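Read-outs: derived from the displayed coordinates by stated rules, not from any lab. Since the structure is predicted, the reported quantities are computational estimates derived from the model, not experimental observations. No Cβ is skipped: glycine too gets one built from the backbone with ideal geometry, and neighbour counts run over all protein chains shown.
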Amino acid sequence: MHVTVPLTAVQGGARGALARLLGRAPGGLLENERRDEFSELLRRTYSGKEPVFDLALLESTGPDGRRELQDWKGSKVPALLPAYTDDGGHLNPAARLRFARELIGFLAELP
């Protein structure tokens with residue numbers, strides 16, 4: 001089984017806005033861009049061949065289906081939904097429980 005790379009929240013607020021205004025990437029954005037590149041490679045390589053648990057997709061998608069995508073130089077970069085974290089990098093208790101349930105359901109479906 002393969003798992004996509006976890007994401008982090010992208011710096012928001014005044015600092016994030018200032019970075020964008022100056023043409024710089026807010027904290028976390030470039031890191032998530034690289035993580036997404038690797039996750040995409042993993043999806044393409046193993047999709048339909050071996051199981052892939054898409055943690056990155058879960059982390060960037062809200063319960064309502066809305067995705068947390070950051071615009072950067074013509075690309076949409078997925079990021080950890082702020083509601084899923086208290087510190088920008090680790091899942092909060094509610095998100096941990098939700099994703100653990102998703103993982104258990106995924107594993108239960110494996111042959």
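Can you find even one residue in region 47-57 that is closer than 26 Å to residue 108 by Cα, under 12 Å from the mean Cα position of the chain (by Cα) and either of a type in the set (Gly, Ala, Ser) or loosely packed, with under 14 Cβ neighbours inside 10 Å (or both)?
The first filter runs over region 47-57 and keeps only residues closer than 26 Å to residue 108 by Cα, leaving 47-57.
Among the residues that remain, those that are also under 12 Å from the mean Cα position of the chain (by Cα) are: 54-57.
Right, trim to either of a type in the set (Gly, Ala, Ser) or loosely packed, with under 14 Cβ neighbours inside 10 Å (or both) and you get 56.
Looking for residues that are closer than 26 Å to residue 108 by Cα, under 12 Å from the mean Cα position of the chain (by Cα) and either of a type in the set (Gly, Ala, Ser) or loosely packed, with under 14 Cβ neighbours inside 10 Å (or both), one finds at least one in region 47-57, hence yes.
Among the residues of region 20-44, what is the count of those that are more than 19 Å from the chain's Cα centre (by Cα), part of a helix (DSSP H, G or I) and of a type outside the set (A, V, I, L, M, F, W, C)? Final tally of qualifying residues: 1. The set of residues from region 1-53 being under 20 Å from residue 103 (Cβ atoms) and of a type in the set (Val, Ile, Thr) comprises 3, 4, 5, 8, 52. Within region 70-111, the only residue that satisfies the criterion of being over 16 Å from residue 59 (Cβ atoms) and hydroxyl-bearing (Ser, Thr, Tyr) is 75.
Output the residues belonging to region 71-90 that are outside any helix (DSSP H, G or I) and over 11 Å from the mean Cα position of the chain (by Cα). Hits for region 71-90 are 71, 72, 73, 74, 75, 76, 85, 86, 87, 88, 90. Residue 64 - would you say it is closer than 20 Å to residue 26 by Cβ and free of Cβ contacts under 8 Å to residues at least 24 places away in the same chain? No.
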